[in-house]
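Step one of this worksheet: look at the structure below.
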Amino acid sequence: MKSLSHITESFTESVIREMTRSCDAAGGYNLSQGFPDFECPDELKEAAIRAIRDGRNQYPVTFGEPELRAAVCAKAARYNGLVADPGTDVTVTCGATEAMIATMKALINPGDEIVVFEPFYENYGPDAILSGATPRFVPLRGPDWSFDGDQLAAAFGPRTKAIVVNTPNNPTGKVFTRQELDQIAQLCLKWDAVAVTDEIYEHILYDGARHVSMATLPGMADRTVTINSISKSYSVTGWRVGWAIAARRLTERIRKVHDFLTVGAPTPFQHAAVVALGFPDAYYEALCRRYAEARTFLIDVLERAGFRCAAPRGAYYVMADYGALAERLGASDDTSFSRRLIETTRVATVPGSSFYSRAGNRTGQVRFCFCKRWETLRAVRDSFRERLLPGGE
Ligand code: GLN
């Protein structure tokens, strides 16, 4: 048989999603894949059911139902201070995932480079490979996950087509400051590069952290693709409704890729998304409070069990050093640590190396997510107490 595509040979399946499958098989507690195990608001369920009953069951307008594009622009104006025309500047996609790959496909020519902060959300690696871009990685250094301005500047050059910025950040919990975004914007302007921002965690912020959208910075409106979705803000990760906001020149290309990739995101869920985007500020305040409490709870559980971690400023993940626990579990690297942890405690995590290009499984870290029910988080605490701490507590 002839060999299959070399492109697909060069990356592995998602470790995050593989961990979910192992966790389900072990009947474990899934602190690996970032999705809530609690219900979305009833109002949204009703809106989706109503849309189905009202006959919204055929293909949507390929680049997004007009009501949703209008709602996306109204919300972006209100929350982000971003001006966008629903007619020309929005593409509704199957989640932020499709928005990202459609954007890359729309931008990249052979030989183009993209700048990516490392550690990075797993998908960006394969996204680069699938679109043919060469990634240039810029390290974020813990515990505060800052970057070195000179290293960032050195990653840009005449071949740079784009930079991917995920803020609030998965997996680190970093929230890029206005000053950091300014630095990035200056480089985009200098090298005629596009900023592709994944802002899916924009509402999940702690300790007074503020979310700033790159597209609102001087000179950046025409060269930023702002990606988002309803998945995380409204706890509906399975609905697969996301979008990309970008100036007409970019959106025309993104829409073409999207049309031939997926035709459209599910019609009834697009109509339910309109209801979600109309939620009042109090909804987001409650969401943040809920996750802030879960963050405090999980960090305490982790520290008592022997992990070391810094509190994230946004999103719902925490990268934890497992240090001395490796020996106790007989783990030689982060992948075997994750495997041993699930066997020993039934708690699923993601090995830190999944977020690096070449870490060789030796990051000494695993990622936990805390977007879970209290019941799940308490079960994790009890399991760690019983099975991780010598003699219990
Ligand atoms: N963003 C989620 C995570 O990092 C997973 C998203 C997905 O699996 N599509 O866990």
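Quick look at the values:
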| quantity | calculated |
| --- | --- |
| Top-ranked residue of segment 256-281 - restricted to ones that are surrounded by fewer than 22 Cβ atoms within 10 Å (Cβ to Cβ) and under 15 Å from K105 (Cα atoms), ranked as farthest from the ligand (Cβ to nearest atom) | K256 |
| Some residue of segment 73-80 being within 15 Å of the ligand (Cβ to nearest atom), open to solvent by less than 50 Å² (accessible area, probe 1.4 Å) and small (G, A, S) | no |
| The lone exception for P135 - which of (1) over 29 Å from L152 (Cα atoms); (2) assigned to a strand (DSSP E or B) it fails | (1) |
| Considering residues of segment 27-72 that are within 23 Å of R253 (Cα to Cα) and among the aromatic types (F, W, Y) only, the residue least open to solvent (accessible area, probe 1.4 Å) | F63 |
| Pair list, Cβ under 6 Å, 6 or more apart: segment 358-378 residue aliphatic (A, V, I, L, M) and modelled with pLDDT of 95 or more, other residue within 15 Å of the ligand (Cβ to nearest atom) and part of a loop (DSSP other than H, G, I, E, B) | V366/T349 |
| In segment 61-80, the residues that are among the small types (G, A, S) and farther than 17 Å from H211 by Cα | G64, A70, A71, A74 |
| One residue from D85, D144 being away from the ligand (no atom under 16 Å from the Cβ), acidic (D, E), under 21 Å from the mean Cα position of the chain (by Cα) and not in a helix (DSSP H, G or I) | D144 |
| From Y284, Y322, residue being at pLDDT 95 or above, over 19 Å from the mean Cα position of the chain (by Cα) and not charged (D, E, K, R) | Y322 |
| Test result for R17, open to solvent by 70 Å² or more (accessible area, probe 1.4 Å) and either touching a Pro at 6+ places or on another chain (Cβ under 9 Å) or modelled with pLDDT under 95 (or both) | yes |
| Filter result (of a type in the set (V, I, T), within 16 Å of the ligand (Cβ to nearest atom) and either part of a loop (DSSP other than H, G, I, E, B) or surrounded by fewer than 21 Cβ atoms within 10 Å (Cβ to Cβ) (or both)) within segment 202-242 | I204, I230, V236, T237, V241 |
| Selection status of I16, on the phi < 0 side of the Ramachandran plot and within 14 Å of the ligand (Cβ to nearest atom) | yes |
| Selection within segment 150-172 - in a helix (DSSP H, G or I) and surrounded by 15 or more Cβ atoms within 10 Å (Cβ to Cβ) | L152, A153, A155 |
| Which listed residue is more than 16 Å from the ligand (Cβ to nearest atom), within 30 Å of R381 (Cα to Cα) and touching a Ser or Thr at 6+ places or on another chain (Cβ under 9 Å), from E39, E65 | E39 |
| Residue within segment 181-189 that is closer than 20 Å to R313 by Cβ, in contact (Cβ under 8 Å) with a residue 12 or more places away in the chain and touching a His at 6+ places or on another chain (Cβ under 8 Å) present | no |
| Residue match in segment 173-189 (condition: farther than 29 Å from T267 by Cα, buried (at least 24 other Cβ atoms within 10 Å of the Cβ), within 16 Å of the ligand (Cβ to nearest atom) and at pLDDT 95 or above) | yes |
| Segment 126-141, subset open to solvent by 20 Å² or more (accessible area, probe 1.4 Å) and within 16 Å of the ligand (Cβ to nearest atom), residue modelled with the lowest pLDDT | P126 |
| Cross-chain or 6+ apart pairs with Cβ under 8 Å, segment 25-39 first and free of Cβ contacts under 8 Å to residues at least 12 places away in the same chain, then within 15 Å of the ligand (Cβ to nearest atom) and outside any loop (DSSP other than H, G, I, E, B) | none |
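The values are calculated or read from the model by the stated rules, or taken from the named source; none is laboratory data. Remember, it's a predicted structure, so these values are computed and weren't measured experimentally. Note that each Cβ is placed from the backbone with ideal geometry, even for glycine, and that neighbours are counted across all protein chains shown. To get the accessible areas, we keep the full protein, side chains included, count just its heavy atoms, and leave off ligands, DNA and RNA. Shrake-Rupley method; radii C 1.70, N 1.55, O 1.52, S 1.80 Å.
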